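The structure under discussion appears below in the form of structure tokens.
The values are calculated or read from the model by the stated rules, or taken from the named source; none is laboratory data. This one's a predicted model, so the numbers in the text were calculated from it and none came from an experiment. Note that we place each Cβ from the backbone using ideal geometry, even for glycine, and neighbour counts take in every protein chain shown. In case anyone asks, the SASA skips ligands and DNA or RNA and just uses the protein heavy atoms, side chains included. Shrake-Rupley method; radii C 1.70, N 1.55, O 1.52, S 1.80 Å.
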Amino acid sequence: MISDRLKEMEFKKKDFAELLRISRPTLDKFLDAYDDGKREDVNPRIRKVFDYIEKNELAGKMNVVKFVSQFSGESQQETECADENAEFSVIKKRLEENPAQKKFFELLAKTADFDDVVRYCLKIKDFVRERRLTEEQILMLKPYDDIRKIMENQTED
């Protein structure tokens with residue numbers, strides 16, 4: 001696993017992400033995809049670095065820094081575009097697996113009718129699965145819970 005190799009090299013993820021000119025969350029996403037065998041979901045430039053680390057077990061931190069410096073001419077815009085393409089391919093695959101989501105996203109793209117719903121979902125996303133909630137979070141989740149109950153009752157019929 002690449003994460004383990006970074007630890008062996010005493011590379012902090014924050015520093016490694018800066019070296020690669022990507023955010024820490026993006027690095028985590030790429031590490032997970034690479035380690036899960038979904039290498040096509042990793043930015044090609046980043047994948048080259050991961051491949052180098054994986055294939056060169058004796059490579060140290062300085063070797064990796066030198067290897068990454070070979071790509072320093074690549075523009076940030078190209079990197080961001082490749083990151084977006086990787087994200088969109090993941091989204092596209094997910095939508096192909098779930099026709100209801102695909103239909104909903106098409107609706108979102110064509111109308112602003114559900115913008116409030118989207119903003120609400122973004123507000124609650126971080127604590128939907130939390131077990132310990134504040135009173136304010138519980139109140140904010142009430143509409144979500146109500147919708148889930150309605151949908152459960154409809155599927156039972």
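Quick one: would you say R5 is in contact with an Asp or Glu (Cβ under 9 Å, 6 or more places away or on another chain), in a helix (DSSP H, G or I), modelled with pLDDT of 90 or more and not aliphatic (A, V, I, L, M)?
On the way: in contact with an Asp or Glu (Cβ under 9 Å, 6 or more places away or on another chain): yes; in a helix (DSSP H, G or I): yes; modelled with pLDDT of 90 or more: no; not aliphatic (A, V, I, L, M): yes.
Criteria not met by R5.
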How about the range 1-23: which of its residues are surrounded by 14 or more Cβ atoms within 10 Å (Cβ to Cβ), among the basic types (K, R) and touching a Lys or Arg at 6+ places or on another chain (Cβ under 7 Å)?
K13
Regarding the range 103-119, can at least one residue be identified that is closer than 30 Å to P44 by Cα and in contact with a helix residue (DSSP H, G or I) (Cβ under 8 Å, 6 or more places away or on another chain)?
yes
Pairs please, first residue from the range 2-24 and touching a residue at least 12 places away in the same chain (Cβ under 8 Å) and on the phi > 0 side of the Ramachandran plot, second anywhere and open to solvent by 60 Å² or more (accessible area, probe 1.4 Å) and assigned to a loop (DSSP other than H, G, I, E, B), Cβ atoms under 7 Å, 6+ apart in sequence or on different chains.
none
Which condition number in (1) among the hydrophobic types (A, V, I, L, M, F, W, C); (2) without any contact (Cβ under 8 Å) to a residue 12 or more places away in the chain; (3) part of a helix (DSSP H, G or I) is the one that L58 fails?
(3)
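Would you mind stating whether S69 is among the small types (G, A, S), out of contact with any helix residue (DSSP H, G or I) (no Cβ under 8 Å at 6 or more places or on another chain) and modelled with pLDDT of 70 or more?
Working: among the small types (G, A, S): yes; out of contact with any helix residue (DSSP H, G or I) (no Cβ under 8 Å at 6 or more places or on another chain): yes; modelled with pLDDT of 70 or more: yes.
Yes: the conditions hold for S69.
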